[in-house]
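S.K.: The structure under discussion is supplied below as structure tokens; questions concerning it will follow.
Where a number appears in this text, it was derived from the coordinates with a stated rule and is not lab data. Just so it is clear, the structure is predicted and the values come from calculations on it, not from any experiment. Here the Cβ positions follow ideal geometry from the backbone for every residue, glycine too, while neighbour counts run over all protein chains shown.
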Amino acid sequence: MRVSRRGLLCIGGAALASAGFSGPTLAAPALIGLKKLNARTLSFDCTNSGEQLIGIDYWVEGKYVPDALDEIDVALRDYRTGEVYPISTHLLDLLYQLGRELHTDCQFELTSGYRSPETNAALHELDSGVATNSLHMKGHAADISVPGRSLAQVYETALALKIGGVGYYPEDDFVHVDIGRVRRWEG
């Protein structure tokens with residue numbers, strides 16, 4: 001039998017109540033707060049596929065969660081070909097840190113995650129600004145926006161992190177972030 005965190009809190013609360021605990025009940029809120037301190041949670045609204053991945057804990061108590069990473073890989077797949085590729089945990093950590101710096105719940109609108117070499121080559125044919133060796137093909141880049149935050153704010157915050165490459169594409173309504181060398185550009 002698997003007990004959820006909420007169920008565990010209810011059981012703990014009932015145990016305290018039956019033990020005659022009459023002081024202020026601080027245990028449940030404190031335990032709830034620990035989940036947020038010991039977990040990194042991301043959400044994705046994949047604008048091109050129409051899919052959503054909401055509130056997935058990809059890192060819990062110091063460890064990456066393999067099942068959650070698998071779900072993220074599927075959500076951030078090449079939507080044109082359906083090809084799934086491992087998304088770097090460093091990229092996920094970058095997105096998590098970006099969401100926290102923006103004071104959000106780390107929900108991102110995803111324009112592009114992984115790109116297969118075939119998709120990248122086709123996009124490069126259409127637009128020479130698409131890098132031939134794009135970090136998207138390694139699961140190291142994402143094109144995103146953040147609900148409730150201006151694109152300029154997302155761009156400036158990503159730059160301030162000084163973690164990787166940051167591209168600003170206001171006409172296409174996304175910011176590119178990657179875990180390559182620190183650099184910036186506008187498209």
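S.K.: Taking amide H positions as placed 1.01 Å from N in the peptide plane, with prolines and chain starts having none, which residues 5 or more places from G180, or on another chain, fall under 5 Å of its amide H?
M.R.: Here the answer is G165, since their amide H atoms fall under 5 Å of that of G180.
S.K.: For the stretch 34-73, what class follows from the C-alpha gyration tensor (a ≥ b ≥ c being the square roots of its eigenvalues): rounded when a/c is under 1.5, otherwise prolate if a/b is larger than b/c, else oblate?
M.R.: Here the stretch 34-73 falls in the oblate category.
S.K.: Okay, next question. Within a Cβ distance under 13 Å of P86, other residues only, what is the Lys/Arg minus Asp/Glu net charge?
M.R.: Result for the local shell: -3.
S.K.: Among the trypsin sites (Lys or Arg not before Pro) within the stretch 90-187, which fall in a DSSP loop and have no more than 13 other Cβ atoms within 10 Å of their own Cβ? Walk me through the numbers on the way to the answer.
M.R.: Numbers: sites: R100, R115, K138, R149, K162, R181, R183, R184; in loops: R115, R149, K162, R181.
Here the trypsin sites (Lys or Arg not before Pro) that fit, given the DSSP loop and packing criteria, are K162, R181.
S.K.: So for each of 53-66, 166-179 I average, over its residues, the number of other beta carbons within 10 Å; can you give me the resulting order with the highest mean first? Let's see the in-between values first.
M.R.: Working: 53-66: 13.9, 166-179: 19.8.
Packing proxy ranking, top to bottom: 166-179, 53-66.
S.K.: Then there is this: Do you know the relative contact order of the stretch 45-95, to the nearest whole percent, from alpha carbon pairs under 8 angstrom that are 6+ apart? Could the numbers behind the result be given before it?
M.R.: Working: 38 pairs, mean separation 13.3, N = 51.
That works out to 26 percent.
S.K.: Name the residues whose placed amide hydrogens come within less than 5 Å of the amide hydrogen of V65, ignoring near sequence neighbours (fewer than 5 apart) on the same chain.
M.R.: So V65 has HN proximity to W59, V60.
S.K.: Now for a different question. Could you give the dipole magnitude of the stretch 39-186 about its Cα centre, charging the beta-carbon of Lys and Arg +1 and that of Asp and Glu -1, in debye to the nearest 20? Walk me through the numbers before you get to the answer.
M.R.: On the way: 12 positive and 24 negative charges, 118 e Å.
In total the dipole reaches around 560 debye.
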